[in-house]
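Visitor: Just dropping this structure here.
Each reported figure results from applying straightforward, stated rules to the coordinates on display, with no laboratory input. A quick note: this is a predicted structure, and the numbers were derived from the prediction, not measured. A quick note on method: Cβ atoms are made from the backbone with ideal geometry, for glycine too, and the neighbour counts reach across all protein chains shown.
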């Protein structure tokens, strides 16, 4: 285990990965890093919504590479980090001490996003499915990664069955076990 640990938290949009990642970072007193926030900021800077920015990323691989290289660079500089990233498990596979995947059924994820963004559920469904399809294709093409392959994750949590505090307890327990070298 690294002297300064890194926890990578991945999962689909609306799964609760960000909530879990933020809460475990707060609990441990670690710095929280979000690749998704960086992606949203770049989209906003370009004046594009997420669906259109995802389409732009299909045509310009520099967008994904920039975000993934940024994530990797931060992780290499130091630990005591919780990194929330779609490809966090893949990009940080050789660096992270614990790799977590948070998931939930599609309908629940769509509902969460619609409520969080105060947008029409039909619009969110269309946008989310388009984004996820775009990401799946981009990551396969760019890195030869099948994001449906969950075999790299140390733990997988279904946030439909476990609320945010449960997710944090599960991650904390796994982290403590790894920290002890068990």
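Visitor: Rounded to the nearest 500, what is the chain's calculated 222 nm mean residue ellipticity when only DSSP H runs of at least 4 contribute -39500 (n - 2.57) each, over all residues? Before the final figure, lay out each step's value.
Guide: Numbers: 8 runs with 105 residues, N = 182.
Computed mean residue ellipticity for the chain: -18500 deg cm²/dmol.
Visitor: Another one. What is the fewest-to-most order of 9, 82, 168 by other Cβ atoms lying within 10 Å of their Cβ?
Guide: So the ranking, lowest neighbour count to highest, is 168, 82, 9.
Visitor: May I ask you to derive the relative contact order of the range 6-180, considering only C-alpha pairs under 8 Å and at least 6 residues apart, and to give it as an integer percent?
Guide: Over the range 6-180, the number comes to 35 percent.
Visitor: In nanometres, what is the gap between the two model label sites at residue 45 and residue 118, each 7 Å from Cα along Cα-to-Cβ?
Guide: Output for this residue pair reads 2.7 nm.
Visitor: Return one number: the angle in degrees, 0 to 90 and rounded to the nearest 10, between the long axis of the Cα atoms of helix 50-59 and the longest principal axis of the Cα atoms of the chain.
Guide: The angle comes out at about 90 degrees.
Visitor: Can you grab the distance from the C-alpha centre of the range 150-164 to the C-alpha centre of the range 1-51, Å, no decimals?
Guide: Centre-to-centre distance over Cα atoms comes out at 16 Å.
Visitor: Okay, moving on. Using a simple spin-label model with points 7 Å from Cα along the Cα→Cβ vector, what separation in nm is obtained for residue 172 and residue 58?
Guide: For the pair residue 172/residue 58, the computed spacing is 4.3 nm.
Visitor: Can you tell me the Rg and the Dmax, both Å, for the Cα atoms in the chain?
Guide: When restricted to the Cα atoms of the chain, Rg and Dmax are 15.8, 48 Å.
Visitor: Oh, and also: Please identify which residues in the range 143-159 have an amide N closer than 13 Å to a label point set 7 Å out from the Cα of residue 93, following the Cα→Cβ vector.
Guide: Output list for this probe position: 143-154.
Visitor: What FRET efficiency, computed as 1/(1 + (r/R0)^6) with R0 = 41 Å and r the Cβ-Cβ distance, is obtained for residue 180 and residue 38, rounded to the nearest 0.05?
Guide: Efficiency for this residue pair is about 0.80.
Visitor: Gain in length, residue 80 to residue 165, computed as 0.36 nm per residue apart minus the alpha-carbon separation, to one decimal in nm?
Guide: 28.6 nm
Visitor: When 51, 61 are ordered from fewest to most other Cβ atoms inside 10 Å of their Cβ, what list results?
Guide: Ascending Cβ contact count within 10 Å gives the list 61, 51.
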